[in-house]
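Heads up, the thing below is written out as structure tokens.
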Amino acid sequence: MILAFDTSSAACTAALFDDSGECIASRDELIGRGHAERLVPMIAELMNGRSAGQIIVGVGPGSFTGIRVAIAAAHGLAIGWDAELKGMSSLALLAAGAEGEVAAAVIGGHGELFVQQFDAAARPMSELQNLSPGAAAEVTTASLVIGSGARQLVDARGSGEGREAWPSAARALSLPEALRNLPAKPVYARAPDAKAREAA
């Protein structure tokens, strides 16, 4: 079986697939904060005593804390189950639910957005970027923009449809293979705010 989950956004989402790739159980909860407390019980509910041979975890970009929560849980489960561990693009997972070309826009820090454009098969049409809404408006062309930063981008652009949406792990296996075979390491897309002090 394959277990997929993502906590890069305000949503906590997990899905279980059988060996044929069919989604046999899933959970999507919009919780805002508290991923660390909710994720493991959610996975336990899905697994119901079973184990997975492969784990696919959302690696971002998105919430620094959320990304770390998911990746830490994934590494722990992979060790416990002796499972193969892979990462998936959280923005591609967000885009996978849309029809046609779509720009995924997620609120980052300092008033900026994580932005990337995808085609109908959730294949990237642009590089992942961290931009102000105004700058993001200049580099996106898809009329549909989805994600927590969608309305900001559409307002800055003055055209298109902004739709608030969240990643769903049930779509994990619909991602292009390259975007669900990433290293299980955080994709922050910008430098963390906290910086290590230089040694004296």
Next on the checklist: I'd like the full set of residues that are among the small types (Gly, Ala, Ser) and in contact (Cβ under 8 Å) with a residue 24 or more places away in the chain, limited to segment 60-77.
Outcome noted: 60, 62, 63, 66, 70, 73, 74
Next on the checklist: Take residues that are acidic (Asp, Glu) and tell me which of the strands (runs of 3 or more DSSP E) falling wholly in segment 1-70 contain 2 or more.
Outcome noted: 23-30
Checklist entry - Can you tell me which residue in segment 71-101 is farthest from residue 150 (Cα to Cα), limited to those that are among the small types (Gly, Ala, Ser) and touching a helix residue (DSSP H, G or I) at 6+ places or on another chain (Cβ under 7 Å)? => result 83
Checklist entry - Does any residue in segment 142-169 that is closer than 24 Å to residue 58 by Cα come within less than 7 Å, Cβ to Cβ, of a residue that is in a helix (DSSP H, G or I) and among the polar types (S, T, N, Q) six or more places away or on a different chain, and which pairs are these? => result 167/90
Checklist entry - Does residue 168 qualify as being closer than 25 Å to residue 78 by Cβ, at pLDDT 90 or above and of a type in the set (Ser, Thr, Tyr)? => result yes
Item to check | Those strands (runs of 3 or more DSSP E) lying entirely in segment 92-191 with at least 1 residues more than 14 Å from the chain's Cα centre (by Cα), of a type in the set (Val, Ile, Thr) and surrounded by 18 or more Cβ atoms within 10 Å (Cβ to Cβ) | outcome: 102-107, 144-146
Checklist outcome for this item: Of the listed residues (122, 105, 150, 78), the one being closer than 24 Å to residue 14 by Cβ and either assigned by TED's automatic domain parsing to the domain that holds residue 22 or basic (Lys, Arg) (or both) is 78
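The values are calculated or read from the model by the stated rules, or taken from the named source; none is laboratory data. Just so it is clear, the model here is predicted, and its values are computed rather than measured. Note: ideal-geometry Cβ built from the backbone for every residue, glycine included; neighbour counts use all protein chains shown.
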